[in-house]
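Notes for the one structure printed next.
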Amino acid sequence: MADAHRTSFTAIVAEDEALLRQSMVDQLLHAWPDLRIVAECEDGAEAIEAIGEHRPDVAFLDIRMPGLTGLDVAAAAGEASPATRIVFITAYDQYAVEAFEHGAVDYLLKPLDPERLATTVERLQATPATRLDSELIEALAARLQGAGRFAPHEPLTWITASAGRETRLILVDDVAYFRADHKYTVVVTAEGEALIRKPIRELLQVLDPTVFKQVHRSTIVNLRAVAAIVRDDSGRGSLRLRHRDETLPVSAPFMALFKHM
């Protein structure tokens, strides 16, 4: 992991806005020419999978992303790749940023300041890794919530979906899970399936994050529809549903989101 004698480090960058992500990558490589960016991620799900696959030295995470936030990703990273250092990227003002100054994390404000970025690079190169524990992540989330900068939007309550020639009005609470299917998203309830055109990524922005969790790049599950979580020896798992016969696979990095359940 990180120490003063190393010259080569790997990193992922997670930012949902493409132009900001590219700018961030460019600035990082300018400030840290030896850095090797192994993945550029547009949402939290991609970031979790990239961390589990690459086990990078550093993860630069936007705090606010659709569905899984940077804090969610950091929580999962603690299980999938404990040695990965976390740097949060945030647009929050200095009052909210105080939340980060009391823990073993670093942060960068948007837009990135070259001098501040250089300081972060020096810290990452010189300071041994420190595991980001779940209690610290929960404390960070609580302080940001209290600062009024992390409040969720009013969640979606119903959707209109197509089933053959019918157009159905479906309460979101009745949905067992959503599954990506090419240009469509399949809406699965106890009674059957229907289709909507809204992609998974856009759904994540309007669903209640305390109830709906992404368990795979292509699947969002309603936690109230889950009867049991089954873990295997490899770290992967599956969800057994209350009113459906099928089980839903959960990739290993996402299992960290269920460790307290």
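The values are calculated or read from the model by the stated rules, or taken from the named source; none is laboratory data. Since the structure is predicted, the reported quantities are computational estimates derived from the model, not experimental observations. Every residue, glycine as well, gets a Cβ built from its backbone with ideal geometry; the counts of neighbours run over all protein chains shown.
Listed values, structure above:
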quantity: First in the range 74-93 and touching a residue at least 24 places away in the same chain (Cβ under 8 Å) and within 20 Å of Leu257 (Cβ to Cβ), second anywhere and assigned to a strand (DSSP E or B) and not hydrophobic (A, V, I, L, M, F, W, C), Cβ under 6 Å, 6 or more apart; calculated: Phe88/Tyr107
quantity: Selection from the range 101-138 of residues that are closer than 23 Å to Thr210 by Cα and at pLDDT below 70; calculated: Leu132, Asp133, Ser134
quantity: Within the range 165-180, tally of residues that are in a strand (DSSP E or B) and not aliphatic (A, V, I, L, M); calculated: 6
quantity: Boolean, Ala190 is surrounded by fewer than 18 Cβ atoms within 10 Å (Cβ to Cβ), among the hydrophobic types (A, V, I, L, M, F, W, C) and in contact with a helix residue (DSSP H, G or I) (Cβ under 8 Å, 6 or more places away or on another chain); calculated: yes
quantity: Considering residues of the range 139-161 that are at pLDDT below 65 and part of a loop (DSSP other than H, G, I, E, B) only, the residue surrounded by the most Cβ atoms within 10 Å (Cβ to Cβ); calculated: Phe150
quantity: Residue list for the range 181-217, filter: part of a strand (DSSP E or B) and either hydroxyl-bearing (Ser, Thr, Tyr) or more than 14 Å from the chain's Cα centre (by Cα) (or both); calculated: Asp181, Tyr184, Thr185, Val186, Val187, Val188, Thr189, Glu193, Ala194, Leu195, Ile196
quantity: Within the range 1-82, helices (runs of 4 or more DSSP H) holding 3 or more residues that are surrounded by fewer than 24 Cβ atoms within 10 Å (Cβ to Cβ) and touching a Ser or Thr at 6+ places or on another chain (Cβ under 8 Å); calculated: 44-54
